1. Among VAL324, THR196, THR259, flag the residue with its Cα farthest along the positive direction of the charge dipole of the chain, charges on Cβ as +1 for Lys/Arg and -1 for Asp/Glu.
2. Report, in debye and to the nearest 20, how large the dipole of region 273-405 comes out about its Cα centre when Lys and Arg carry +1 and Asp and Glu carry -1 on their Cβ.
3. Note down, for the chain, the three equivalent ellipsoid semi-axes (square root of 5 times each alpha carbon gyration tensor eigenvalue), biggest first, whole angstrom.
4. Please get the size of the charge dipole for region 352-468, origin at its Cα centre, with Cβ charges of +1 on Lys and Arg and -1 on Asp and Glu, quoted in debye to the nearest 20.
5. Pop out the ³J(HN,Hα) list for region 75-90 in order, Karplus 6.51 cos²θ - 1.76 cosθ + 1.60 with θ = phi - 60°, rounded to Hz; leave Gly and Pro as x.
6. Ranked from highest to lowest mean number of other Cβ atoms within 10 Å per residue, what is the order of the peptides 493-502, 139-148?
7. Kindly express, to the nearest 10 degrees and within the range 0 to 90, the angle between helix 253-275's C-alpha long axis and the longest C-alpha principal axis of the chain.
8. Apply 1/(1 + (r/R0)^6) to the Cβ-Cβ distance of THR28 and ARG284, taking R0 = 56 Å, and write down the FRET efficiency to the nearest 0.05.
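The values are calculated or read from the model by the stated rules, or taken from the named source; none is laboratory data. Keep in mind that what you see is a predicted model, and the values were worked out from it rather than measured. Every residue, glycine as well, gets a Cβ built from its backbone with ideal geometry; the counts of neighbours run over all protein chains shown. These accessible areas exclude ligands, DNA and RNA; they are computed on the full protein's heavy atoms, side chains included. Shrake-Rupley method; radii C 1.70, N 1.55, O 1.52, S 1.80 Å.
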Amino acid sequence: MPRSIRLAAFSVVVLLALAGCAPSQAPTTSTPTGEEVSAALQPFYDQQLQWESCGASLQCTTAEAPLDWDNPAAESIELALVRQVAQGGDRLGSLLVNPGGPGSSGYDFVKDSLDFATSERLQSRYDIVGFDPRGVGSSSAVDCYDDPAEMDTYLYELPTQQPGSDAGIEETRTSMASFGQACLKHTGPLLEHIDTVSAARDLDLLRAVLGDEKLNYLGYSYGTLLGATYAELYPGHTGRLVFDGAVDPATSEFDVSATQAQGFESAMRSYLDDCLTSNECPFRGTVDEGMQTIADLLTSLDASPLRHSDGRELGGSTMFTAIVLPLYNTASWPLLNDLFAEVLTGETDTAFMLADSYNGRSADGTYLNNQTEAFISINCLDYESNPTNDQIREQAAEMAVLAPVFGPRMSYGTGCAGWPFPAERERGPIAAAGSSDILVVGTTNDPATPYVWAENMAGQLENGHLVTYNGEGHTAYNKSNSCVQDAVEDYFIDGTVPESDPNC
């Protein structure tokens with residue numbers, strides 16, 4: 001089933017937390033700022049967080065937030081947090097980190113991959129705080145299926161109708177509507193309140209209960225949209241904010257898909273250009289010939305899927321998911337060699353390993369997290385998406401011109417047809433007038449959040465500053481070069497803003 005590419009700080013490299021020992025006498029209670037808010041919100045802003053050790057140098061806790069920010073006296077939800085307190089002297093406060101998605105776990109990101117999320121320099125001066133937004137992971141979370149086999153059916157089942165036909169579009173539309181009803185049945189009232197605006201309001205609550213007058217924040221990918229939304233709502237509470245792998249809030253739904261399709265196609269061409277210099281490359285000839293081989297392979301899998309050892313079938317859609325994941329990071333390109341070498345000879349192990357990794361599915365068939373459910377549910381609340389059949393076909397034709405190989409694989413989706421709750425947010429630029437300076441980091445050949453989005457966001461923000469990384473991969477801080485590293489960390493530590501784009 002065609003679906004959007006998840007906007008996350010993905011890497012299929014094994015990530016391990018290598019944090020040092022926490023300072024002795026690490027505080028176990030957070031003192032809130034004590035600021036005055038409305039009477040209904042005051043109990044939330046006044047809560048004291050009680051931290052408990054949860055491994056190595058880490059502490060964990062749970063905060064309460066209103067289920068409905070427009071009716072805070074009704075029900076509440078839980079937000080899961082993990083932190084490593086500042087490892088050196090002269091602490092600057094808390095630094096909240098979000099890895100993207102929507103649906104990716106900031107709690108797990110910091111708990112399992114602290115040194116991938118931030119450097120030792122930032123860890124020395126800041127409490128590094130990971131959190132799961134509402135609807136995600138260890139916080140009050142979206143749930144759509146009790147039986148993992150039902151999720152398998154939704155994600156991996158082959159279509160029975162021709163994509164783009166009225167029957168094919170209706171099949172996809174029915175699948176989405178059924179998924180939405182399953183999420184409503186299992187999640188209940190929370191499903192209506194997991195939008196990005198509500199999550200941004202949670203961020204302000206977390207800032208206050210952590211005891212910070214200003215929010216310091218590092219957002220990757222979708223986390224940039226969450227951070228920009230916060231800056232728009234609370235410009236006076238912004239401290240030092242960095243958005244890496246920016247999402248353009250003003251880009252239309254079609255342009256998001258089209259630009260991503262072109263981004264992944266460009267990344268695939270870069271992979272092929274590199275691959276063809278090696279004797280281990282499964283392709284021969286030119287980059288164009290390699291792209292045609294991939295297009296033909298996807299078409300052949302649609303017509304004749306390959307049976308995996310567990311009974312699932314590898315069709316073009318699942319193969320496309322497997323291809324996309326290694327393109328997020330150049331360090332993962334060797335996995336593409338294994339993927340294509342196997343599938344071209346009828347094997348499926350690497351293909352399903354990669355697709356399962358993208359979907360959060362473990363080897364035993366269970367799902368490790370709710371990232372897919374949260375990704376769809378949050379997106380469907382954020383922006384209205386219910387195109388007509390004619391619009392779907394027109395956009396598919398245009399996508400095929402813009403990205404001949406990947407465009408057709410990202411077409412014929414029906415958006416959020418039949419979703420239980422309507423979206424209310426309008427796409428548009430975010431200026432965050434009156435905010436502090438904000439750094440926006442963009443990678444020139446980022447496939448998931450193309451560079452033009454970083455240019456757009458930095459231009460829209462009243463106090464945005466663009467930091468360009470000339471290179472490959474999704475997001476740049478802590479994984480590219482010293483130029484990006486210094487620009488980001490000098491800002492976080494000293495408040496220094498580059499006089500102009502350092503063009504790293």
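1. VAL324
2. Approximately 160 debye in magnitude.
3. Ellipsoid semi-axes (Å, largest first): 36, 26, 22.
4. Around 240 debye, computed over region 352-468.
5. 9, 10, 10, 10, 10, 8, 10, 9, 8, 10, 5, 3, 7, x, x, 6
6. Listed from highest to lowest mean packing, they are 139-148, 493-502.
7. The answer is roughly 70 degrees.
8. E(calc), rounded to 0.05, equals 0.35.
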